[in-house]
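The next block holds one structure in the form of structure tokens; read it before the comments.
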Amino acid sequence: MLPKVEPHRLTVQNIAERLKISRDTVYRWIESGELAAIDIGVDSRPRYRVSEEALATMLKARAALTARKRPPKAARGGRRLRQSRK
């Protein structure tokens, strides 16, 4: 029988499925400290739980970091927009 999980606490699997990423990526975020989590494991194997708030905070921080690193569209080889003539 699986242990009950509080509705506002997410498992690594829940996060991976929601974001369509691997569980290994979620574990890397947790182990690097980028994603705050609690370990509810009682044996040597960790069992992490993450709050909705912690996930939202981490995703916002990653989005802000990505936005700063992204070059302008013209520099990425995208189609240039014509300037309107007045």
What residues qualify as long-range amide H neighbours of LEU10, i.e. H under 5 Å apart, gap of 5 or more or another chain, H built at 1.01 Å from N?
VAL50, SER51, GLU52
Each residue of the range 57-63 in turn: what ³J(HN,Hα) in whole Hz from Karplus with 6.51, -1.76, 1.60 and θ = phi - 60°, glycine and Pro shown as x?
4, 5, 5, 5, 5, 5, 5
FRET efficiency, 1/(1 + (r/R0)^6) with R0 22 Å, evaluated for HIS8 and VAL42 via beta carbons:
0.55
Output ordering of 30-37, 13-20 (per-residue mean of other Cβ within 10 Å, highest first) is 30-37, 13-20
May I ask you to compute the full-extension gain from ALA61 to ARG18, defined as 0.36 nm times their residue separation minus their alpha-carbon distance, rounded to one decimal in nm?
13.7 nm
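Rule-based calculations on the coordinates, nothing more; no lab input. Predicted model, so just to flag it, every value in this text is computed and none were measured. Cβ sites come from the backbone with ideal geometry, for glycine too, and all protein chains shown count toward neighbours.
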